[in-house]
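The values are calculated or read from the model by the stated rules, or taken from the named source; none is laboratory data. If you're wondering where the values come from, they're calculated on a predicted model, not measured in any experiment. Glycine gets a Cβ as well: all are built from the backbone with ideal geometry, and neighbour counts include every protein chain shown. Ligands, DNA and RNA are stripped out before the accessible areas are found, and what is left, the full protein with its side chains, is counted by its heavy atoms. Shrake-Rupley method; radii C 1.70, N 1.55, O 1.52, S 1.80 Å.
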Amino acid sequence: MASFMTHHPKLALPTSSWFTMAIRSPALPLLLAACLLLALTGGLRAEPCIAVYWGQNGFEGGLREACATGNYKYVLVAFLNQFGNGQVPQMNLAGHCDPNSGGCTFLSNDIISCQRDYNVKVMLSLGGAVGSYRLVSKEEAREVAHYIYNSFLGGASSNRPLGNAVLDGVDFDIEGGSRDHWDDLARYLKAYSTPEQKVHLSAAPQCPMPDYFLQPAIDTGLFDYMFVQFYNNYCQYSSGNAVTFEQIWNQWVSANVSKVFLGLPASPQAAGSGFVTPDELIDSVLPIVKRSEKYGGIMLWSRYHDVIYGFSPQGKNVVYEFLRWDVATSSCGRRSRESEEHLAYAGGSPLVPFLNEGGNVGGGVLAVFVVELHPQVVEETGVDCRLKVFVWEDALWSRAQADFLLRRAVGLQAAGNIVLVIDVGE
């Protein structure tokens with residue numbers, strides 16, 4: 001299959017741009033390969049990789065409202081903060097409703113809407129900084145797991161505090177009580193997981209490693225997501241503490257866990273220390289954490305503080321696992337002039353109106369790509385794509401972020417799924 005080139009006369013690449021050097025380097029095709037591969041194999045619309053805790057402030061808005069923002073991929077309903085030690089389990093949702101008297105069953109509709117309409121995983125969070133919880137034996141861990149499964153997950157009970165909706169999993173935010181038997185609880189909960197109804201597990205340890213309460217549980221390797229709290233501690237990020245921060249981060253991504261999230265306060269008031277601005281996150285922190293294949297995104301405490309400060313709307317376009325483009329679905333599956341003329345979008349912003357008006361986006365268009373699937377892939381899958389992709393300089397774009405993406409994409413080079421040609425303009 002032949003390769004194609006495209007050039008738009010209005011899209012001149014600034015000769016002084018640092019990106020000129022990157023475009024002419026052999027690494028840049030891999031960046032686009034990473035983006036297109038992700039779009040074709042992981043869904044055609046960009047999704048945020050942000051987790052947020054909801055439930056501890058009645059002024060943060062509803063659960064469905066949080067999901068509908070499009071800012072979050074995971075919402076952690078906090079907290080089931082009384083259980084174990086022979087106690088009757090109780091949940092605290094602050095000013096939202098009283099789950100212990102049946103007053104929160106209306107949230108079932110919100111949970112279902114989050115999952116179905118917004119593709120958000122909704123998980124129950126255990127523990128928190130204030131509560132009464134501990135496990136005194138392995139048998140009690142089994143009993144608590146049984147209660148959680150029947151009351152919040154795929155089991156059955158006449159008393160389900162959040163109604164009949166089935167949550168996606170359980171988060172361990174264990175900050176007090178005993179250190180014992182959390183590993184047993186994780187094993188018992190994971191045993192309820194099936195191919196049809198997975199039970200996802202996450203944990204929110206403090207950044208010092210090993211974690212005082214949860215390390216034995218983490219070492220089981222059963223946790224899908226690790227929301228590490230890089231605040232209120234010596235290992236939090238600051239410009240003068242970047243070396244320590246990176247050392248501790250590297251310890252966490254070496255742990256036996258699928259994905260590690262960078263836990264941050266969503267506003268300066270959300271924690272005693274450790275807040276970083278969205279600009280600091282983009283320019284200084286993400287280039288460090290995104291070097292690891294295990295980087296999953298960021299976790300924010302909490303939804304209330306995110307509403308007040310507006311952290312996630314400022315940062316969500318750059319905390320994706322990769323930089324992602326929305327790719328028009330009709331460009332795949334057939335060869336036609338229509339498919340050849342489809343444009344990719346970057347950062348979720350439609351580019352076509354700007355081109356039709358002869359204008360620029362942000363700091364100007366930086367490059368134009370044409371992408372085709374490798375002939376062998378076309379033969380094996382029957383999918384045939386040809387895409388024009390325009391890349392431009394955006395206010396959220398940083399050199400460090402782009403440099404990281406170029407390095408990250410190298411890992412996808414061996415896939416051999418893409419043939420592309422670059423026209424950088426003159």
*Can you tell me how much longer the chain between Glu280 and Ala129 gets when fully stretched, taken as 0.36 nm per residue apart minus their C-alpha distance, in nm with one decimal?*
51.6 nm
*Phi to ³J(HN,Hα) by Karplus 6.51 cos²θ - 1.76 cosθ + 1.60 over region 234-247, Hz, x for Gly, Pro*: 5, 8, 5, 7, 8, 4, x, 10, 5, 5, 4, 4, 5, 4
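Kindly state, to the nearest 0.05, the FRET efficiency for Ser273 paired with Ala156, given R0 = 51 Å and r defined as their beta-carbon distance. Each step should come with its number before you reach the end.
Details: r = 44 Å, r/R0 = 0.87.
Efficiency, from the Cβ-Cβ distance: 0.70.
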*Using a 1.4 Å probe and counting only protein heavy atoms, arrange Trp54, Trp301 so the residue with the most accessible area comes first.*
Trp301, Trp54
*Stretched out fully, how many nm does the piece from Ser108 to Glu293 gain, at 0.36 nm a residue minus the Cα gap?*
63.1 nm
*Evaluate the relative contact order of region 103-225 (contact order divided by residue number), counting alpha-carbon pairs under 8 angstrom at least 6 apart; express in whole percent.*
28
*Convert each backbone phi in region 212-229 into a coupling constant with the Karplus relation 6.51 cos²θ - 1.76 cosθ + 1.60 (shift: θ = phi - 60°), then list the ³J(HN,Hα) values in order as whole Hz, x for Gly and Pro.*
4, 8, 10, 4, x, 5, 4, 5, 5, x, 8, 8, 7, 9, 10, 9, 7, 7
*Just how large is the dipole of region 137-188 about the Cα centre, in debye to the nearest 20, putting +1 at every Lys and Arg Cβ and -1 at every Asp and Glu Cβ?*
220
*Roughly how many Å² of Arg142 are accessible to a 1.4 Å probe, to the nearest 10?*
100
*Show Asp224, Asp117 ordered by accessible area, largest first, where the area counts protein heavy atoms only and the probe is 1.4 Å.*
Asp117, Asp224
*Return the distance in nm (one decimal) between the two label points of a simple spin-label model at Gln247 and Gln215, each offset 7 Å from Cα along Cα→Cβ.*
1.6
*asked:* Going by amide H atoms built from the backbone, whose H comes under 5 Å of the H on Gly296, apart from near neighbours?
replied: Val260, Phe261, Leu262
_Less than 15 Å Cβ to Cβ from Asn256, Lys/Arg counted +1 and Asp/Glu -1: what total charge do the surrounding residues give?_
-1
*How about region 232-311: which GluC sites (Glu not before Pro) there are in a DSSP loop, with at most 13 other Cβ atoms within 10 Å of their Cβ?*
Glu293
*Using heavy-atom solvent-accessible surface (probe 1.4 Å) with all chains present, what is the largest-first order of Ser254, Ser193?*
Ser254, Ser193
*Under-5 Å amide H pairs with Ser193, H placed in peptide plane, nonlocal only*: Val199
_Taking θ = phi - 60°, what integer Hz values does the Karplus form 6.51 cos²θ - 1.76 cosθ + 1.60 yield along region 176-190, in sequence order, with x for Gly and Pro?_
x, x, 8, 8, 8, 6, 5, 5, 5, 4, 4, 5, 5, 5, 5
